[in-house]
């Protein structure tokens with residue numbers, strides 16, 4: 001099996017300068033359209049959140065293995081695959097969000113990139129927390145407080161795609 005059932009990492013909660021959750025982050029804020037000519041996935045990491053106020057320096061601060069925690073409707077807008085690929089390239093292990101734009105969700109799942117929906121998650125975690133995610137049970141354990149947060153677990157097909165490393169790697 002390519003991927004494990006558990007993901008562990010340091011959290012980045014996406015909030016504005018006032019400490020409020022940023023909802024409705026669209027694909028243009030994640031990966032600005034002026035960078036769409038970049039086709040080398042390894043270079044996409046430098047442009048994650050390239051158009052999100054207060055977060056443009058994120059690629060220089062994030063470390064491989066970090067986990068994003070986002071608000072409602074993350075990845076709304078266009079079907080820009082680069083908005084998923086930039087985080088994969090950066091080494092982000094997973095995104096936990098209150099909800100995702102439909103196309104973004106599908107692109108992430110099809111790429112084998114783990115995303116998980118969890119109600120009010122931006123209020124339950126803070127940047128710097130260390131968490132462990134159980135993908136099939138839908139549990140997130142805050143390793144500092146030992147609190148267990150319940151989320152929507154992976155569906156059977158999402159798990160199969162994730163284990164295969166992407167939709168195109170599934171053997172039917």
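Scanning the stretch 20-37 for residues that are more than 18 Å from residue 107 (Cα to Cα) and in contact (Cβ under 8 Å) with a residue 24 or more places away in the chain yields a count of 4.
The number of residues in the stretch 5-44 that are under 11 Å from residue 82 (Cβ atoms) and either in a helix (DSSP H, G or I) or in contact with a strand residue (DSSP E or B) (Cβ under 9 Å, 6 or more places away or on another chain) (or both) comes to 8.
Within the stretch 115-125, being outside any strand (DSSP E or B) and either touching a residue at least 40 places away in the same chain (Cβ under 8 Å) or surrounded by fewer than 21 Cβ atoms within 10 Å (Cβ to Cβ) (or both) holds for 119, 120, 121, 122, 123, 124, 125. Does residue 144 fit the bill of being touching a strand residue (DSSP E or B) at 6+ places or on another chain (Cβ under 9 Å), more than 21 Å from residue 84 (Cβ to Cβ) and surrounded by 14 or more Cβ atoms within 10 Å (Cβ to Cβ)? Answer is no for this residue.
Mind telling me which of the residues 97, 19 ends up being in contact with a helix residue (DSSP H, G or I) (Cβ under 9 Å, 6 or more places away or on another chain) and either over 23 Å from residue 156 (Cα atoms) or surrounded by 18 or more Cβ atoms within 10 Å (Cβ to Cβ) (or both)? Write out each step before concluding.
Numbers: 19 fails: in contact with a helix residue (DSSP H, G or I) (Cβ under 9 Å, 6 or more places away or on another chain).
Criteria check complete, one pass: 97.
Can you confirm whether the stretch 68-76 contains a residue that is part of a loop (DSSP other than H, G, I, E, B), closer than 21 Å to residue 129 by Cα, in contact with a strand residue (DSSP E or B) (Cβ under 9 Å, 6 or more places away or on another chain) and at pLDDT 95 or above? Yes, there is a match, as at least one residue in the stretch 68-76 is part of a loop (DSSP other than H, G, I, E, B), closer than 21 Å to residue 129 by Cα, in contact with a strand residue (DSSP E or B) (Cβ under 9 Å, 6 or more places away or on another chain) and at pLDDT 95 or above.
Can you confirm whether residue 87 is under 27 Å from residue 119 (Cβ atoms), out of contact with any strand residue (DSSP E or B) (no Cβ under 6 Å at 6 or more places or on another chain) and outside any loop (DSSP other than H, G, I, E, B)?
On the way: under 27 Å from residue 119 (Cβ atoms): yes; out of contact with any strand residue (DSSP E or B) (no Cβ under 6 Å at 6 or more places or on another chain): yes; outside any loop (DSSP other than H, G, I, E, B): yes.
Taking the combined requirement at face value, the residue satisfies it.
Residues that are out of contact with any helix residue (DSSP H, G or I) (no Cβ under 6 Å at 6 or more places or on another chain) and buried (at least 16 other Cβ atoms within 10 Å of the Cβ) within the stretch 154-165 comprise 154, 159, 162, 163, 164, listed in sequence order. In the condition set (1) modelled with pLDDT of 95 or more; (2) over 27 Å from residue 132 (Cβ atoms); (3) surrounded by fewer than 17 Cβ atoms within 10 Å (Cβ to Cβ), residue 64 is compliant with all but (2).
Here is the figure for the stretch 38-61: residues that are free of Cβ contacts under 8 Å to residues at least 40 places away in the same chain, surrounded by 12 or more Cβ atoms within 10 Å (Cβ to Cβ) and under 24 Å from residue 120 (Cβ atoms) total 3.
Listed here are the residues, each with its yes/no results for (1) closer than 19 Å to residue 65 by Cα; (2) without any contact (Cβ under 8 Å) to a residue 12 or more places away in the chain; (3) in a loop (DSSP other than H, G, I, E, B).
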{"site": "104", "(1), (2), (3)": "no, no, no"}
{"site": "107", "(1), (2), (3)": "no, no, no"}
{"site": "113", "(1), (2), (3)": "yes, no, yes"}
{"site": "127", "(1), (2), (3)": "yes, no, yes"}
{"site": "137", "(1), (2), (3)": "no, no, yes"}
{"site": "144", "(1), (2), (3)": "yes, no, yes"}
{"site": "149", "(1), (2), (3)": "no, no, no"}
{"site": "162", "(1), (2), (3)": "yes, no, no"}
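The values are calculated or read from the model by the stated rules, or taken from the named source; none is laboratory data. The structure displayed is predicted, hence computed values, not measured ones. As a convention, Cβ positions derive from the backbone with ideal geometry for all residues, glycine included, and neighbour counts pool all protein chains shown.
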